[in-house]
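S.K.: I'd like to ask some things about the structure below.
Nothing in this text is a laboratory measurement; each read-out follows from the coordinates by a stated rule. Note that the coordinates shown come from a computational prediction; the quantities given were computed from them, not determined experimentally. Note that each Cβ is placed from the backbone with ideal geometry, even for glycine, and that neighbours are counted across all protein chains shown.
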Amino acid sequence: MVFKRLLGAIGVGGPSVDTVLDGRAALPGGPLSGRVLLRGGGTAVEVEHIGLELIARVEAEHEEGESEGAVVFERFTVGGGFRLGEHEERELPFSVPLPWEAPVTELYGQPLGIVLGVRTEVAVAGARDKGDLDPLTVRPLPVQEALLEALGQLGFGFRSADLEYGRIGGTGQQLPFYQEIELTPAPQYAHAVNEIELTFLASPTGSEVVLEADKRGGLFSSGHDALTRFVVRHEDAATLDWNTEVDGWIRQLTEHREAYGTHTAYGHDETHPVHDSGHHHSGPGLGTAVAAGAAGLAVGVVGGMVAAEVADEIGDFFADDEEED
């Protein structure tokens, strides 16, 4: 058994910690489970507190431009109040709920470039040490996957994904940041838009879907952004004709003549429930689009390079974070 991190702030000869997450990718709103493994040092200590922090790398826009940083978006206490003997090994299982708005880091096993981590904090004898740091993988909810699948079947391609610090006004957003998934337009919309940006804001009952179109300018008009949102229920995942539903959303969005504003000034509150047509879709979807945009992330020379860059980015993020501590 290899322990990743000595608790340096506690002193030489102190305990060490390793956090092991269960292997499967977690779901937004679902359990995140694993084990915290402690090994005592040269002397017995009183472990006062063991906590977990969920961390995200986010981008922020400001007057000077853009910057990146780490944001803690949830904290949990998973143990404490016991004596750890000299060289004693102790295992603490845990299961904590992920926030419903936890961003998606992979689709069909393909990384999207989103960087999330789980950091373990141990408090011993009044000293707190931010110890082990592990990557966190989150897969989409069924209703999110169904919507992304439909976009792929309609011809949209995956371009990139990131986390933006800030709030989308007029929504039920809970976290201090939101995820944007950028898509290249399907051929039938390429004349009207440069790209589509998609944000999920999930909750126990379903998900708000925020769509923003970067619209092309015309002969006598400049380009602008159009923004709208819809509400889907979790139970809609297996019952809707998603291709028809999403195609209607995109048409409505691209045909809007006036911009609704930006994410930071969103307030028109145009919420549309989806309608059950009773039909099901079939055929390749964003498994193909992300395997083309993210398998542009995973297949061939270009895909291999991008996938390696994502892996390096995650490693650098964790290394930089630990050096700061």
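S.K.: Quick check: pseudo-label points 7 Å beyond the Cα along Cα→Cβ at His87 and Arg24, how many nm apart are they?
M.R.: 3.9 nm
S.K.: Going by a ≥ b ≥ c, the root eigenvalues of the Cα gyration tensor, does region 17-74 fall in the rounded group (a/c under 1.5), the prolate group (a/b larger than b/c) or the oblate group?
M.R.: Oblate is the answer for region 17-74, as a/c is 1.5 or above yet b/c matches or exceeds a/b.
S.K.: Computed FRET efficiency, Cβ-Cβ of Ser203 and Ser95, R0 22 Å: what is it to the nearest 0.05?
M.R.: Efficiency for this residue pair is about 0.60.
S.K.: State the extension gain, in nm to one decimal, for the chain segment bounded by Arg251 and Glu46, taking 0.36 nm per residue of separation less the distance between their alpha-carbons.
M.R.: Numbers: separation 205, 0.36 × 205 = 73.80 nm, distance 6.20 nm.
Here the segment from Arg251 to Glu46 would lengthen by 67.6 nm.
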